[in-house]
Each structure stands twice: as C-alpha cells, then as structure tokens.
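Taking it in order: structure first as structure tokens, then the write-up.
The values are calculated or read from the model by the stated rules, or taken from the named source; none is laboratory data. These figures come from a predicted structure and were not determined experimentally. Neighbour counts are summed over all protein chains in view; Cβ atoms, including those assigned to glycine, are modelled from backbone coordinates with ideal geometry.
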Amino acid sequence: MHRLVKYCSDNGERLTQNRKAAFAVLKGSRKPLTAYNILTRMQAMGCNGQPPTAYRALEFLILHGFVHRIESLNAYVAAEGKGRQFVICDKCGTVWQRQSHVSHGIEDTFYPSTYYSEVHGLCQPCYMENRA
Ligand SMILES: [Zn+2]
C-alpha cells in the first residue's frame, strides 16, 4: 500500500477510496480474484461501489503497474512491480510472482516500461497429488 500511496502523491494521481480498497483486496489474496470477487470484498470493506466503479479502480491500478490481469483466468492479482513473471498452478490456483527479464537481444535496442509473462503448470503439492 505504501508504494501505491507514494506513487499517487509523486505523480499527482488521486488515490480514491475505491482504488485503495481494490488494491488492498488484491494484496490480501494469494489467488487471483475475478472482478466480481473483488467487488464483493470491496463492499464488505465499506465501499458501496457499483461494478463500473470497481472496473475503473482496476483499470487505474493496471495502467500504473500495481495490478495485473491474468488473461487466461480472467482474474486479477496485485503486481509487486513492473516486469513480473506470474507462475500459476492450474489445479489449486495459487500464483507466485518473480522478477522477469526481457530476453537477451531485445534489451539493447528496446526499452520496455511494462512486461508480464504467465507460466502455467502444477505446483509441487498438486503435481505429487496428481501422480499418486
Ligand atoms: Zn497447486
């Protein structure tokens, strides 16, 4: 949350209650959440936002690199920074993220601002369970 607060104040962006709540909801979840899940949790936190409000908050967070939409799941996760690789367990739905690097050969001639990649598979416990 600290990073988001600082980013908004440094860049003259308004940190609305909905933006703050949407980010807090995603930060508190290890698993990706659908827009509907996010909205429900935002309402539980006292935001009386309607779906368009939640979507606008998510759009803002995505645009500024604080949230990533996992296309294949149609769900959202808090991004710990730009340039992330999301490792997604297809069975239990847990998502890990780590710093991702642009492949060699591109970085000399191209300066990316945001880049994400998604890796699907099974985590260790799910893999072992599948084999048993
Ligand atoms: Zn798993």
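Could you list all residues from the stretch 88-117 that are within 16 Å of the ligand (Cβ to nearest atom) and touching a Lys or Arg at 6+ places or on another chain (Cβ under 7 Å)?
In the first step, residues of the stretch 88-117 are kept if they are within 16 Å of the ligand (Cβ to nearest atom); the result is 88-97.
Gly93, Thr94, Val95, Gln97, listed by residue number.
Could you figure out which of (1) within 15 Å of the ligand (Cβ to nearest atom); (2) modelled with pLDDT of 85 or more isn't true of Ala132?
Of everything listed in (1) within 15 Å of the ligand (Cβ to nearest atom); (2) modelled with pLDDT of 85 or more, Ala132 misses just condition (2).
When you go through (1) closer than 29 Å to Cys8 by Cβ; (2) within 16 Å of the ligand (Cβ to nearest atom) one by one for Leu26, which number turns out not to apply?
(2)
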